[in-house]
Amino acid sequence: MATLAKPNLPRFDVEIFQNEYLADGAREVNAIVTVTATGGGTTGGRPLNIADAGTPGADTSAAVVILVDCSGSMDYPKTKINGAREATAAAIDALRDGTAFAVVAGTHEARDIYPGDGTLATASPATRAQAKESLRRLTAAGGTAMGTWLAKADQLFLTRRDVSIRHAILLTDGNNEHESAEDLARTVERVSGHFTADCRGVGTDWRIDELRRISSALLGTTDIVAEPSGLAEDFRSMMAGAMGKQVADVALRIWTPANATVKFVKQVAPAVEDLTARRSESGPRAGDYPTGSWGDESRDYHVCVEVPAASVGNEMLAARISLVLPPQISGGTPEVLSQGLVKAVWTDDLASSTRISPQVAHYTGQAELASSIQEGLEAHRAGDVDRATSKLGAAVRIAHATGNEGTYKLLQKVVDVVDAKEGTVRFRKNVSEADSMTLETRSTKTVRVKKK
């Protein structure tokens, strides 16, 4: 196993959990890949470009752009625009000195209100005070075109090529009504890989699928803040997370031997995110899957590889999995931070070949939990109560069995649980839209395998 050995940067370690034994002729190999970064951003260091690590005076701090919905609906009720101002001020206060930043008012167009000259300011006591003073210009009037907001963020980030961590925070209260879905999709595709983005919806008049498409493509998160009074703490928490990042653009590289193919790659903790379609080729039989920015944290990935069928007694390396920094970050050539191996061994021992890795079983269940919630709520909106009850009952059973207490509590606000173990439920009367949206928005959050 190789590990990063440069100063002031995280150490990356990879662990592989799998049952490597396959039955005669079986072809599918599943593994959970746990990636752990330690000694990085959340221990108090500032982000550094790998190529500059250890260089005296090197200063490549993060860049953050805060995108605030200022459409007319943010004035109804006025607590929304007031809460947005307070939240943006809280985020500004959480900026580390030296961080490049800007605040953008988003309507059917995008206007940078601070520093307001098409560039990014550098965080200091003086600029933080000036930025908070400028928030009086966050006034509600106009439409909603989120693609223009993201394009503006991209333009601002491009003015500071010396930064390695680029992060946007996007707040909205409504639908993307003033540009087509195709225009938004094209903008998201164009800016993907340029920066990460966390999206927040305030109230209940925004679309979960719309924000999730943005945050998924930009390797961020989507969440609901049902009441404007909760915005400040949420923004403060998001900014703390952004300030904790230490290294950007880390890729999960998967090499497979001849005649083997990667069926799918999914992040499964701390949330479910399918990365399969985001593969970029990185050499013979190898592909890179983006993981975004890292501080001190651990994530789990489910990798499924299809290998050529073999008979009992054969064994092979099914995949080699590496954490890699791209050339533009590592200083010229890709750098392997850590590595693990996925194996396949064919056996006629039924007990060995039918045993499922606890980690694989757990995260397969967590993915099923997320889809059951989403399908159940969709069925309920369509009026199919029987299917909705069945799906949310399955979700209750999985959440209970896997110890996902957070999701279980959210489910209890939507259904009455008759028997958690069996997944017997009844829909509650008069479920609030906020409770329903909170359950759906947070359905992808997972819990890790319990340690025995």
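The values are calculated or read from the model by the stated rules, or taken from the named source; none is laboratory data. Treat the numbers as computed from the prediction; the structure is a model and nothing was measured. Glycine also receives a Cβ, built like all others from the backbone with ideal geometry; neighbour counts cover every protein chain displayed. Side chains included, ligands, DNA and RNA excluded: accessible areas come from the protein's heavy atoms. Shrake-Rupley method; radii C 1.70, N 1.55, O 1.52, S 1.80 Å.
Table: residues versus (1) modelled with pLDDT under 95; (2) basic (Lys, Arg); (3) not in a helix (DSSP H, G or I).
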position	(1), (2), (3)
Thr139	no, no, yes
Thr144	no, no, yes
Thr148	no, no, no
Lys152	no, yes, no
Leu156	no, no, no
Val163	yes, no, yes
Asn175	no, no, yes
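Ala277 meets the conditions (1) at pLDDT 95 or above; (2) among the hydrophobic types (A, V, I, L, M, F, W, C); (3) farther than 30 Å from Ala23 by Cα in every case but one. The failed one is (3). Of these, Gly287, Gly295, Gly340, which one is closer than 20 Å to Val35 by Cα, open to solvent by less than 70 Å² (accessible area, probe 1.4 Å) and in contact with a Gly (Cβ under 6 Å, 6 or more places away or on another chain)? Of the residues listed, the single one that is closer than 20 Å to Val35 by Cα, open to solvent by less than 70 Å² (accessible area, probe 1.4 Å) and in contact with a Gly (Cβ under 6 Å, 6 or more places away or on another chain) is Gly295. Which residue out of Glu378, Glu440 is in contact with an Asp or Glu (Cβ under 9 Å, 6 or more places away or on another chain) and open to solvent by 90 Å² or more (accessible area, probe 1.4 Å)? Criteria check complete, one pass: Glu378.
One line per residue, one yes/no per condition, for (1) in a loop (DSSP other than H, G, I, E, B); (2) in contact with a Phe, Trp or Tyr (Cβ under 7 Å, 6 or more places away or on another chain); (3) within 30 Å of Val342 (Cα to Cα); (4) of a type outside the set (Lys, Arg):
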{"position": "His178", "(1), (2), (3), (4)": "yes, no, no, yes"}
{"position": "Leu184", "(1), (2), (3), (4)": "no, no, no, yes"}
{"position": "Gly193", "(1), (2), (3), (4)": "yes, no, yes, yes"}
{"position": "Ala197", "(1), (2), (3), (4)": "no, no, no, yes"}
{"position": "Arg200", "(1), (2), (3), (4)": "no, no, no, no"}
{"position": "Leu231", "(1), (2), (3), (4)": "no, no, no, yes"}
{"position": "Arg236", "(1), (2), (3), (4)": "no, no, no, no"}
{"position": "Leu252", "(1), (2), (3), (4)": "no, yes, yes, yes"}
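Kindly provide the set of residues from the range 165-209 that are small (Gly, Ala, Ser), under 16 Å from the mean Cα position of the chain (by Cα) and open to solvent by 10 Å² or more (accessible area, probe 1.4 Å), ordered by number. Residues satisfying the conditions are Ser192, Gly193. Among the residues of the range 240-263, at least one is among the basic types (Lys, Arg), open to solvent by 30 Å² or more (accessible area, probe 1.4 Å), modelled with pLDDT under 95 and within 25 Å of His302 (Cα to Cα).
For the structure I just gave you, tell me whether Val447 is open to solvent by 20 Å² or more (accessible area, probe 1.4 Å), at pLDDT 95 or above, within 30 Å of Ser298 (Cβ to Cβ) and outside any helix (DSSP H, G or I). For Val447, the condition - open to solvent by 20 Å² or more (accessible area, probe 1.4 Å), at pLDDT 95 or above, within 30 Å of Ser298 (Cβ to Cβ) and outside any helix (DSSP H, G or I) - is met. Each residue in the range 107-137 was checked for being of a type in the set (Val, Ile, Thr) and either over 30 Å from Glu182 (Cβ atoms) or modelled with pLDDT under 95 (or both), and 3 pass. Residues that are in a helix (DSSP H, G or I) and more than 19 Å from Leu275 (Cβ to Cβ) were ranked within the range 212-229; the one that is least open to solvent (accessible area, probe 1.4 Å) is Pro228.
Tell me yes or no: at least one residue of the range 372-394 is farther than 30 Å from Ala31 by Cα and in contact with a His (Cβ under 7 Å, 6 or more places away or on another chain).
Here is the first cut: in the range 372-394, the ones farther than 30 Å from Ala31 by Cα are 377-389.
Next, only the ones that are in contact with a His (Cβ under 7 Å, 6 or more places away or on another chain) stay: 388.
The answer is yes, given that some residue of the range 372-394 is farther than 30 Å from Ala31 by Cα and in contact with a His (Cβ under 7 Å, 6 or more places away or on another chain).
Looking across the range 122-157, the residues that are in contact with a His (Cβ under 8 Å, 6 or more places away or on another chain) and farther than 24 Å from Gly72 by Cβ come down to Asp154, Phe157. Figure legend. Inter-residue proximity from the range 72-98: first residues at pLDDT 95 or above, second residues of a type in the set (Lys, Arg), beta-carbon distance below 6 Å, spacing 6+ or different chains. Indicated pairs: Met74/Lys80; Ala89/Lys132; Ala90/Arg236; Ile92/Arg128; Ile92/Lys132; Ala94/Arg236.
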